[in-house]
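These notes concern the structure reproduced below.
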Amino acid sequence: MPNPTYILRYFPLVGLSEACRLLLTAANVEWTEEHPEWPQEKPNQPHGRLPVLVEKNPDGSPDFIITESCNIERYLARVYGFVPADPKQAARQEQICELMADVFSYLSGYIRASSDESKQMFLGKFEALLETLIEVQTKLIEGNGNNGRQFGDSLSYADMVAYGFYKKLMIAMARFDANVPKFVKSKLTPKITQLIATVEADPLLEKHTSKAGSLAAAVSV
Amino acid sequence: MTYVLRYFDGIGIAEALRLLLTAAGAEWTEEHPEWPLEKHNQPHGRMPVLIEKSGNGSVDFVICESGCIERYLSRKYGFLPADLKQAAHQEQLRDLIHDVNYALAGRITCKCEKDKEESNAKFKVLLDKVIDEQSRLIKDNGSTGRMFGEQLSYADIASYGFYKNLIQSAAQVLPDVADIVKHKLTPEVIKLISTVEADPLVKKHTSKGESLSAMATA
């Protein structure tokens, strides 16, 4: 039975979908991207938001449709084996991914806020939680044998989410506020830089990471 | 095996965890660490944290991040199906709920009226979406007051915890929130709340304090 094929519905941006794109690429499944007219297509999405993942099965069963970026990432990671079946090991990966999502939420708040005081509030929270994240990730990599990976010895769900996360901060956010990449870069540890380079160089991701700018280059210059 | 749930002494985002531990029939206690003194003793400097101990009391496993803990317990005790597609439909609702809570928090943390109002607007839009989705799921599932299947599910539990936090806890800091929520509740969601509250698996916990079901319909 051939694999399902996928459609990822999102905006033509790095945004919240980079890890989904990496997971689809690493899974080696056929997938395409749709950029729905927005906001016209809002009512046609399960939660009125993007991204949405449509899974088309060759057996003719109805399309399977899910939404919410972290949910899509976890689904693909589980189906294609990028997170272990062992619930404790899976939870260890999920918890760092959830932390990354919260760090990004503060950054989104900072970008969207109107007043300087609100912006400062969000920025403070973003910076503090980012520092916690980097500390935790650095320890994970060190505890994992310094192989440039947070878990195990092959490309994992958490590593792909991390790459997507740093790409958002270093490349996507640059157009809103050049200080964000500057700040992030100043906080990166050599272990994180190594993590980024390791993911970028993974043969499973070659098809995707060879397009557009190199994140590894952006963090090391 | 026993569990320790570390959180603040309040409903917050831990209610789903309390309900899951109760529904699982697990032996569990709660710790309220001195805060922020104990911040650096937590894996991510935040709470909730779940500590799983083996029979002899030694610590087997520590995890954090509310959604992660919820899914871990739900999978372990069968409140999330093993089928990944079915699980994903429950998890996506909870992810949306997380964003509602985040928007509401903006009303408290933002410093100017304009940002507070935008947070409130976003809170209402996302809350409408949650209620629409829950109502549709309940109707499609035979209007039994459950969103998935015939038994208490993770999504049911997470939803109950969500409404409890809004109506009983958030309303203490933002007095208009209880009314906003109550006016939006559909008959389906009201039935969901009362069905969860009455479920024998969680009654031990839901019968403490004021009835959410009564408050939701007052």
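The values are calculated or read from the model by the stated rules, or taken from the named source; none is laboratory data. The shown structure was predicted, so the numbers you read here are calculated from the model rather than taken from an experiment. With ideal geometry, Cβ positions are generated from the backbone for all residues, glycine too; neighbour counts draw on all protein chains shown. Surface accessibility is based on the protein's heavy atoms, side chains included, excluding ligands, DNA and RNA. Shrake-Rupley method; radii C 1.70, N 1.55, O 1.52, S 1.80 Å.
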### Task
Starting from the stretch B:37-59, keep only residues that are farther than 20 Å from A:Lys139 by Cα, then list their pairs with residues that are part of a loop (DSSP other than H, G, I, E, B) and open to solvent by less than 60 Å² (accessible area, probe 1.4 Å) whose Cβ atoms are within a distance under 7 Å, requiring at least 6 positions of separation or different chains.
B:Pro48/B:Tyr7; B:Pro48/B:Ala14
### Query
Out of all the residues in the stretch B:3-31, which are within 16 Å of B:Val62 (Cβ to Cβ) and surrounded by fewer than 14 Cβ atoms within 10 Å (Cβ to Cβ)?
B:Thr29, B:Glu31
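Listed here are the residues, each with its yes/no results for (1) touching a residue at least 24 places away in the same chain (Cβ under 8 Å); (2) open to solvent by 50 Å² or more (accessible area, probe 1.4 Å); (3) assigned to a loop (DSSP other than H, G, I, E, B); (4) more than 8 Å from chain B (Cβ to nearest Cβ).
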site: A:Lys88; (1), (2), (3), (4): no, yes, no, no
site: A:Arg92; (1), (2), (3), (4): yes, yes, no, no
site: A:Ile96; (1), (2), (3), (4): yes, no, no, yes
site: A:Leu99; (1), (2), (3), (4): yes, no, no, no
site: A:Ser108; (1), (2), (3), (4): no, no, no, yes
site: A:Ser118; (1), (2), (3), (4): no, no, no, no
site: A:Gly124; (1), (2), (3), (4): no, no, no, yes
### Task
Quick one: which residue in A:Phe82, A:Phe11 is under 22 Å from B:Ala103 (Cβ atoms) and more than 12 Å from chain B (Cβ to nearest Cβ)?
A:Phe11
### Query
Among the residues of the stretch B:105-126, is there at least one that is more than 10 Å from chain A (Cβ to nearest Cβ), within 24 Å of B:Val173 (Cα to Cα), open to solvent by 10 Å² or more (accessible area, probe 1.4 Å) and among the polar types (S, T, N, Q)?
yes
### Summary
Scanning the stretch A:184-213 for residues that are surrounded by fewer than 16 Cβ atoms within 10 Å (Cβ to Cβ) and either at positive phi or part of a loop (DSSP other than H, G, I, E, B) (or both) gives A:Thr189, A:Ala201, A:Ser210, A:Lys211, A:Ala212, A:Gly213
### Task
List every residue pair whose Cβ atoms lie under 6 Å apart, where the two residues are 6 or more positions apart in sequence or sit on different chains, the first residue falls within the stretch A:45-72 and is on the phi > 0 side of the Ramachandran plot, and the second residue, located anywhere, is open to solvent by 40 Å² or more (accessible area, probe 1.4 Å) and of a type in the set (D, E, K, R).
A:Gly48/A:Lys42; A:Gly48/B:Lys129
### Message
Against the definition (within 14 Å of another protein chain (Cβ to nearest Cβ) and open to solvent by 40 Å² or more (accessible area, probe 1.4 Å)), how does A:Glu142 come out, yes or no?
### Response
no
### Task
Pairs only if they're at least six apart or on different chains, beta carbon under 8 angstrom, first in the stretch B:182-209 and open to solvent by less than 80 Å² (accessible area, probe 1.4 Å), second acidic (Asp, Glu); list them, first residue then second.
B:Lys184/B:Asp128; B:Leu192/B:Asp156; B:Thr195/B:Asp156; B:Val196/B:Asp156; B:Thr206/B:Glu197; B:Thr206/B:Asp199
### Message
So for the stretch A:48-62 (the condition being closer than 29 Å to B:Ile131 by Cβ and open to solvent by 60 Å² or more (accessible area, probe 1.4 Å)), does at least one residue qualify?
### Response
yes
